[in-house]
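The values are calculated or read from the model by the stated rules, or taken from the named source; none is laboratory data. Given the structure is predicted, the values throughout are model-derived calculations rather than measurements. For neighbour counting, all protein chains shown are included, and Cβ atoms are generated from backbone atoms with ideal geometry for every residue, glycine included.
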Amino acid sequence: MALQSSCTDSSWWVFTLPAFLGSEVLADHSLLVVSLFVASISGILLAWALSSGGPAWADGRSNRGPTQIPGPRGIPLFGSIFSLARGLPHRTLAKLSKSNHANQLMAFSVGSTPAVVSSDPAIAKEILTHPNFADRPLKRSARELMFARAIGFAPSGTYWRMLRRIASTHLFAPRRIAAHEPGRQFDCSAMLAGIESEMASTGSVKLRYHLQGAALNNIMGSVFGKRYNLSEDNADAEVLKQMVREGFALLGAFNW
């Protein structure tokens, strides 16, 4: 009780400030302090978010030295999501690389995730082949479609090296490639014929379905030695085409 009385006695003077300073002066002073605080926080956030590459690349920039990867600045929280949502992603990235003079490497932000893209074949090859980039983040498609165990997405290590040996021996050996060449030529010819037929009948072509059909027949021919005539109704082919469409959708899904 004594402590409560002491706290009350020592803080009573706060309620006398309007009498000495005037309520309007005190309100203006408080408003000025709040405005300065909000302006300072806003300036810090804008300087952080509008750095080259966007908000996801702002963290740790002081440890990277004076050289920064060029790229679009993005907006807080969202980064460059809205820029990538317009048009075809690969063309949008090419335009962004050109406008930011970032042909070799371009940094951008997808939300809070930092990303980098290369428009230079030599740089892209180095990224795909250098050991420093062996452990790349798993995409949603790798988890849901291939269970993170396929050769293209498996983590670097003993298991991946075993997959590479199997693939080089049984799939990509010169003799195996030559043996499957007639099948690949047949798939390409069928795909071109389908594209020509659709163009003649409708005046436009949706390449996605033709590419999916060619991919299906290429896989079935290489693995099972069986191909389908996709222009005819076939229950098995329809089920497989649906699986291929689902796979393509997962490959292009957003990486949460």
Legend entry - Matching residues in the stretch 113-122 - criterion: being exposed (fewer than 13 other Cβ atoms within 10 Å of the Cβ) and aliphatic (A, V, I, L, M): 122
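Yes or no, residue by residue, for (1) of a type in the set (Asp, Glu); (2) surrounded by 13 or more Cβ atoms within 10 Å (Cβ to Cβ):
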| site | (1), (2) |
| --- | --- |
| 172 | no, no |
| 181 | yes, no |
| 208 | no, no |
| 224 | no, no |
| 240 | no, yes |
Legend entry - Filtered residues of the stretch 123-140 (kept if surrounded by 12 or more Cβ atoms within 10 Å (Cβ to Cβ) and touching a helix residue (DSSP H, G or I) at 6+ places or on another chain (Cβ under 6 Å)): 127
Inset, instruction - Report, by residue number, each residue of the stretch 98-112 that is touching a strand residue (DSSP E or B) at 6+ places or on another chain (Cβ under 8 Å) and either surrounded by fewer than 17 Cβ atoms within 10 Å (Cβ to Cβ) or at positive phi (or both). - result: 111, 112
Inset, instruction - For the stretch 226-245, indicate whether the set of residues that are within 22 Å of residue 138 (Cα to Cα) and charged (D, E, K, R) is non-empty. - result: yes
Legend entry - Where a residue in the stretch 120-146 is within 18 Å of residue 159 (Cα to Cα) and its partner, wherever it lies, is part of a loop (DSSP other than H, G, I, E, B) and at pLDDT below 75, with Cβ under 7 Å and at least six apart: 138/148; 142/148
Legend entry - In the stretch 102-140, the residues that are within 23 Å of residue 84 (Cα to Cα), at pLDDT below 80 and part of a loop (DSSP other than H, G, I, E, B): 111, 112, 136, 137, 138, 139
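Criterion first (at pLDDT below 90 and under 33 Å from the mean Cα position of the chain (by Cα)) does residue 213 satisfy it?
Values: at pLDDT below 90: yes; under 33 Å from the mean Cα position of the chain (by Cα): yes.
Spelling it out, residue 213 is indeed at pLDDT below 90 and under 33 Å from the mean Cα position of the chain (by Cα).
Consider residue 214 carefully, then state whether it is aliphatic (A, V, I, L, M) and surrounded by 17 or more Cβ atoms within 10 Å (Cβ to Cβ).
It is true that residue 214 is aliphatic (A, V, I, L, M) and surrounded by 17 or more Cβ atoms within 10 Å (Cβ to Cβ).
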Legend entry - Tally of residues being of a type outside the set (S, T, N, Q), within 30 Å of the chain's Cα centre (by Cα) and not in a helix (DSSP H, G or I) across the stretch 166-210: 4
Legend entry - Residue that is farthest from residue 113 (Cα to Cα), among those in the stretch 141-158 that are at pLDDT below 75 and touching a helix residue (DSSP H, G or I) at 6+ places or on another chain (Cβ under 7 Å): 145
Legend entry - Index of the failed condition, residue 126 passing every other in (1) charged (D, E, K, R); (2) outside the structural domain of residue 213 (by TED's automatic domain parsing); (3) within 30 Å of residue 217 (Cβ to Cβ): (3)
Legend entry - Every pair of residues 6+ apart whose Cβ atoms lie under 8 Å, when the first sits in the stretch 174-195 and is farther than 14 Å from residue 218 by Cα while the second is part of a helix (DSSP H, G or I) and not charged (D, E, K, R): 194/210; 194/213; 195/207; 195/210
